[in-house]
Structures are given as structure tokens and as C-alpha cells.
Amino acid sequence: MGKILLITPPFLQPNAPYPATAYLKSYLERKGHEAVQCDLSVELLGEIFSRRFLDRIFYMYGHTSVVGDSENWDEEAHRRSNTDRIYALRREYLNTIDSVMAFLRGEDPTFAHTVCRGDALPQAGRFDAMASPEEEFGWLGTQDCAKYICTLYLQDISDFIRATVTEHFEIVKYAEQIAVSLPEFSALEMELRKPMNIIEKRMTELLDAHISTVRPQFVSFTVPFPGNLLPTLRCGQYIKERYPDIKIVMGGGYPTTELRNMTDKSIFGYVDYIILDDGETTLDTIVSGTGDGGALTASSEGYRADRISHRERGCPDFSGLPFGRYFSLCEVTNPMHRLWSDGRWNKMMIAHGCYWAKCAFCDTTLDYIKCYDGVSATEFVDWMQTVAAQTGSTGFHFVDEAAPPRLLRDISLELLRRGLKYTWWTNIRFEKAFTGDLCSLMAAAGCIAVSGGLEVASDRLLGMIGKGITVEQATIAMRNFYYAGIMVHAYLMYGLPTETLQESIDALEVVRQMFRAELIGSAFWHRYAMTLHSPSGQNPEAFGVKRKGHMPNPFANNEIFFSDNRGYNINMVGEALRTSLANYMVGCGIDRPVHKWFDGKVPPTTVEDSLITDHLIKPDASRIFDEKARLVWIGCSLERDEEGIVIRSLSEDRRIKMKECDADFMIRISRLCGDLSQEVTFAEVRKIYGEYSEEPFAILYHSKKWDQLREYGLLQI
């Protein structure tokens, strides 16, 4: 059996491990291989943002003449002014960088008080638009305020690096502009022929240290995004030169979506195998030395791979990763946006693929979407406990395409049954299954936030793209999450085929009303992109547009460019949507007519001002009697007193007057339904009620007393 080094390449979010290597390590070790994983991303960022490395960068700048672009004097002058300011304050940066990083890693929380004083850290261009800390955070958010200031500080340093070392550098991506929509490999190869800069050299030094320690026969890189491609190929280039006997494997989201139709084989000068889709079985075959497992190689004619179940994939193994080096960022003050970059979340998949898999804009022809498969809630919570023990963190981010409501229900019940106090958030569809009681159950089990696709906020367009929801349905689901105390982030989309200017304006009005009703805490507008592996990309004419060009590119193929008779300026629309949303998320402009956000004369909205509020008053499905529904009690204990029952919640005692028979019935039912290991249906509950009263159960079910008990944990799911 071979030994393999699994690498997360630079540059990814630094607050938590990317889970790909953890899943692969777990599977390969169960197959008898020796697999070691490392996170080159967080290691390199830790090196870059250190006193020693910054000292070298400042020294190099002080001894180098930087020549600007004469065609952009104003922009260049501003850049040089900012760069010169940072350089002039280099002593202050060198004296503070290690303290900032220790704070962001959670090693020195008391440093927050110094940072929030306002004059502890040097400030350059990123601070220009920052409001006063008191205005942004008040006086209670010291840790949050300090993270925000420290993030701006790191972004200033990043601007300096971009201006003096390489234009490719950003904290969470590198040379993305080269790898995005890259038809030919030659543009990337031109970059690879250049001498390594100081960042790339340090990256390969860290890589070399791992190779020298592990001594693997195989090195595998996961490349989830375009911004990870150049660093991976730089590493491959280094390994080819220094360790020619090591075989190099590349997989992940980028090759899976971009390189399926690749005919230009130049990339195989830097890697030996490219794996598409899930990599477990293919890697197993490669490391076993029994073949290429169906991977793409310099000589292969096509690609094939064996699928495995989610149970066979198993629990990810995060052991061996440098947990002390991960650090949080706070790029925006919006609490929902921050979840992506703040906190050490354990990233896991509840299920593989998407249980819906019908959206016209999604890659439904690829395995990562179309091959849906899950495990039982009991098994998944076992995995959660294993991962929490590995990482020391009880926070989880379920990275599913769309987490299945039924599994979320069962996982929530299992977490509560075991008494586990975990915190988690996930992606969902705004569908009718998310009743008020299910959302309350999820909140009780630790769910703090969900993100989901509202997309075009138009019933016509939602129908066209096969989203399977309506604006009304989404509104009710958002209401239920909001009432349960779960934050909601909405993904939004504009520029769809056949979308009219009026529909864009009306979609913004729907979003405005949702913000006014406080249903969503944050959102983001994406411009629609037609992709090769989506139903719309497979048959553009069916969606009212024509594809531009028909020949595949020799290297990357994903986005499909199309023409339609739009009749309006899509860039103008995008700017209006982004500007209005930026205001809505900080509570500004909520009452401004939406057409006024657009540059130029556009028609007013045709959406009724009461559309969303009218939806909000519609009944919740969990208040409709259903004999097959399950009744659970997740509240504290109920006790009898002379007038009825006493509910002892965590914060108060509540007395509810009841007839003696009803009180005795509710005590029994709370104990029966409080045992979450057994399922009790309403049909059974109604039958039990007959032992206590001759009245119809419906009288108690529709009473105010029942609603009061629901507030304290009596749920219908």
C-alpha cells in the first residue's frame, strides 16, 4: 500500500479546515493506505502575516523602484499614496502583526480592548470608509469590533503585498482572474514560466517540509475554486523538479466543473492525474498501484469513476490539521455574512448531492448534484461527536447543496435526545416542509442560521427555472425561521433568460418588503451564469436564448455565453440591485421606492405593497391537525398544582389554568412525548385523551391552553 499526502492548497478561508482532505483521509485509511493531510493554506497565511515575513517585504520594497501604469495615473497615484503610507508606518505594522494574529486565532482575547481604543493599530486605505466603532458595534461588541478592525488591518497589508509583490494576492484567492473562464492553458503556463515571487517561494518551502517529513509516493491537491489553481500548479511544478518520482493528483470542484472536456493536455506537465467528481475510489486505485482508476491522464481518452454511498464515504477525519493556526476574520458587520469567515466550524455533509436536483441553473448532470444519498440521523450524529472530539469545536457548518428537511428533523431530535449542545447552520430550500414547529425544533437543537435560494423572487421565473417554490412559500418558510430565532440569508439572482426589466424591479420590491418585515438578515445578488452542466446550458433555446459559439475550448469549459433580446442595460440593473441591498442590510432606504435605485428612468414596481405582509398572516401547517404527525415535547418538566400545571422553563415559571383531567393528560403526554427515542402520533394522543375526558380532543387542540404549551416546547412535526 502506498503513502499519500493530501493537501489543501492556498488560498482558502482561514477560519476552518476545508473538508475534502478529511473525507479522503478517512476513506483511504479504512482501505489500508497511509494518508497524511496538511493545510498549506492556513500555514502559508500564517507565514505571510508574521513579523519576519513582513520585514522581508518592507525591505524589498525599500530597495526596489516600483513603476506604475502611465495610462491610469489617478488610480496609480492613489495606490502609490496608500502603499507609501503603509511603508512609512512599517515599524508599527511590524510591532503589531503578531499580536493581531494571536488575537484572531483566539489566543489573546484581551487584546480586543486595546484594538477598540482606536489608535492601537496603523490604518491605511481600508479604514477610509469605516464608521466609528461605537456607531458600528455600540459599546458591547468589543470582540466583534476588534475582529473587524484587525481584518481591515490585514486587508491593508494585503493591498501593500498586491502593490509590491504580486497583483495575484488576496487572502482567500490567488490569481483568480487568470483561472476564471480560461479557454486555453497557455495563459496560465505563461505565469508558471515566470520566476517564483517571495510568497510562492515560501509556499514551496512549506510544501518541501511536509514532503521531507512524510516521504509520500503520492501527493494530492484539492482545487475547489479558480483561485486555488495557480498555487496548486506552482506546487506541482516544484515537486516535478525536486521529487520527480512522486506522482501528483489534482481533484476538486474546479476540475470537476471546468476540465471535463479538456483536449489540451499541457497541464499534465504539472500533475499526473486529474480526478473528476468524488475522488475516493479513484485515489484508492491510484495509491494501490493497480491503475489510474479512470482518472484523466496525459494518455487517457476519457474519464470514469466508481460511485460510493455516503455511508461508505464515512465520517471525515480532521486529525493532524493545525487547529491552533486557524484564524477568524470579520470582513463585514452583517452577522450572517460573518459566519463564512468567523469561527472554527466543522464542515460536514449531511447527505451527498441534492434531494431536489431540478433547478435549471444548477449542475444537475454532475454527480455532486444528481447523486443524492444520505445516512441515518443516528449515524450522522455519531459522526458529529467524533469530529467534535477530533477538532475540539462543537460548531458545525453543514455544506450540503440543500439539506433535506426530514433529515434535519431527525438530526435535531437525535441531538436533543443525546443532550448535545452543538451549534450549527446549513443551506436549505425555502419549502413548505419548514413549518414553524420544525424550525423551533431545529433552533432548540442548535441551529442558528440558514441560507437558501430565493433566486429571482418572481413566481413566473421560479417556475421557469424549476426551483419548486413560490414567493408565498418562501415567505412563510422565512417567517417560521425568523420566529424561531434562526437567521436567514437569501441567495438572489438577476439577468436570467427572458427576465424583463419590470421583473427585475419587481424582484427588488419583493426583497425590500422581506427586509422591511425582517424576514431575512442578509442577501446577495448574483448575476446569472449559464453553465455547461445545467439544464439551461444543455438546451439554451428551451429557455428563450441562443448560445454563442459551439466548439468546446481546449482547456476549461463551464460558462456558456448566450445572446437574447434583453432590451435594457443589465449592468445598470446589477448596480441598482447591489446598491439597494447594501443599504437594506444596514437598515437604510427600506421605504425608498425601488425604481429610484436605478440610474435612469425605469417604471415603478407592479408589486402590491402588502404582498409579503399578506403572506405572513397565513396559517402555519404545524397548526393543522394531522393524525399521522408526530408530537414531541422538548420543554422543561411540567408539574401539577391545584389550578392546572406549572411549566418550569430555563428563565421562568409559567402557570396555566386547566381542568383537572386536562392537566393530568398533559403531564402524561409531556412525559410520553418527551422521550425522543419513541414516536408518538396524534392518532395515539387522541386515543389517550379519551381515557381522561369525554370531550372531543379537538376542543383542547384548538384551545388557547394548547397554544401556550406550544410556546414552551410542544411541537407537531
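Say we look at segment 222-248 and pick out the residues that are farther than 20 Å from T166 by Cβ and of a type in the set (A, V, I, L, M, F, W, C); which of these is nearest to the chain's Cα centre (by Cα)?
Ranking the candidates gives I248 first.
Look through segment 273-292, keep the residues that are without any contact (Cβ under 8 Å) to a residue 40 or more places away in the chain and either in the same structural domain as N553 (by TED's automatic domain parsing) or surrounded by fewer than 22 Cβ atoms within 10 Å (Cβ to Cβ) (or both), and return whichever of them is farthest from T365 (Cα to Cα).
Only one residue fits best here, namely T290.
Kindly evaluate I199 against the criterion of being crowded, with 18+ Cβ neighbours inside 10 Å and closer than 18 Å to V42 by Cα.
Answer is yes for this residue.
With segment 412-498 as the region, which strands (runs of 3 or more DSSP E) entirely inside it contain at least 3 residues that are of a type in the set (A, V, I, L, M) and surrounded by fewer than 24 Cβ atoms within 10 Å (Cβ to Cβ)?
Those strands (runs of 3 or more DSSP E) span 487-494.
Looking only at segment 223-255, which residues are over 17 Å from A175 (Cβ atoms), of a type outside the set (A, V, I, L, M) and surrounded by 24 or more Cβ atoms within 10 Å (Cβ to Cβ)?
G251
Among (1) touching a helix residue (DSSP H, G or I) at 6+ places or on another chain (Cβ under 7 Å); (2) touching a residue at least 40 places away in the same chain (Cβ under 8 Å), there is one condition T263 misses while meeting the rest; what is its number?
In the conditions (1) touching a helix residue (DSSP H, G or I) at 6+ places or on another chain (Cβ under 7 Å); (2) touching a residue at least 40 places away in the same chain (Cβ under 8 Å), T263 misses (1) alone.
Which residues, counting only those in segment 499-545, are among the polar types (S, T, N, Q) and part of a helix (DSSP H, G or I)?
The first filter runs over segment 499-545 and keeps only residues among the polar types (S, T, N, Q), leaving 500, 502, 504, 513, 522, 531, 534, 536, 538-539.
Across segment 499-545, the qualifying residues are Q502, S504, Q513, S536, Q538.
Considering only segment 304-322, state which residues are over 20 Å from I4 (Cβ atoms) and buried (at least 18 other Cβ atoms within 10 Å of the Cβ).
Of everything in segment 304-322, just one residue is over 20 Å from I4 (Cβ atoms) and buried (at least 18 other Cβ atoms within 10 Å of the Cβ), namely H310.
Please go through segment 675-706 and pick out each residue that is in contact with a strand residue (DSSP E or B) (Cβ under 8 Å, 6 or more places away or on another chain) and touching a residue at least 40 places away in the same chain (Cβ under 8 Å).
Once the filter is applied, which keeps residues that are in contact with a strand residue (DSSP E or B) (Cβ under 8 Å, 6 or more places away or on another chain) and touching a residue at least 40 places away in the same chain (Cβ under 8 Å), segment 675-706 yields L676, E679, V680, T681, F682, V685, K705.
What are the residue pairs meeting all of these: first residue in segment 237-258, first residue more than 24 Å from E205 (Cα to Cα), second residue among the β-branched types (V, I, T) and not in a helix (DSSP H, G or I), Cβ atoms under 6 Å, and 6 or more apart or on different chains?
The qualifying pairs are Y254/V223; P255/I274.
Out of the residues in segment 673-707 meeting the condition of being surrounded by 16 or more Cβ atoms within 10 Å (Cβ to Cβ) and under 36 Å from the mean Cα position of the chain (by Cα), tell me which one is farthest from S440 (Cα to Cα).
So the residue we want is V680.
Which of (1) free of Cβ contacts under 8 Å to residues at least 40 places away in the same chain; (2) more than 21 Å from L40 (Cα to Cα) does R311 not meet, given it meets every other one?
Among (1) free of Cβ contacts under 8 Å to residues at least 40 places away in the same chain; (2) more than 21 Å from L40 (Cα to Cα), R311 violates only (1).
Based on what the data block shows, is S181 touching an Asp or Glu at 6+ places or on another chain (Cβ under 7 Å), in a loop (DSSP other than H, G, I, E, B) and among the small types (G, A, S)?
Yes: the conditions hold for S181.
So the check is Cβ under 7 Å with 6+ separation or different chains; which pairs have a first residue in segment 83-100 that's in the same structural domain as G125 (by TED's automatic domain parsing) and a second one that's among the charged types (D, E, K, R) and part of a helix (DSSP H, G or I)?
What qualifies is I86/D156; L94/R51; L94/D55; I97/R51; D98/R51.
Which of the residues that make up segment 706-717 are part of a helix (DSSP H, G or I) and within 14 Å of I669 (Cα to Cα)?
Result: W706, L709, R710.
The values are calculated or read from the model by the stated rules, or taken from the named source; none is laboratory data. The shown structure was predicted, so the numbers you read here are calculated from the model rather than taken from an experiment. With ideal geometry, Cβ positions are generated from the backbone for all residues, glycine too; neighbour counts draw on all protein chains shown.
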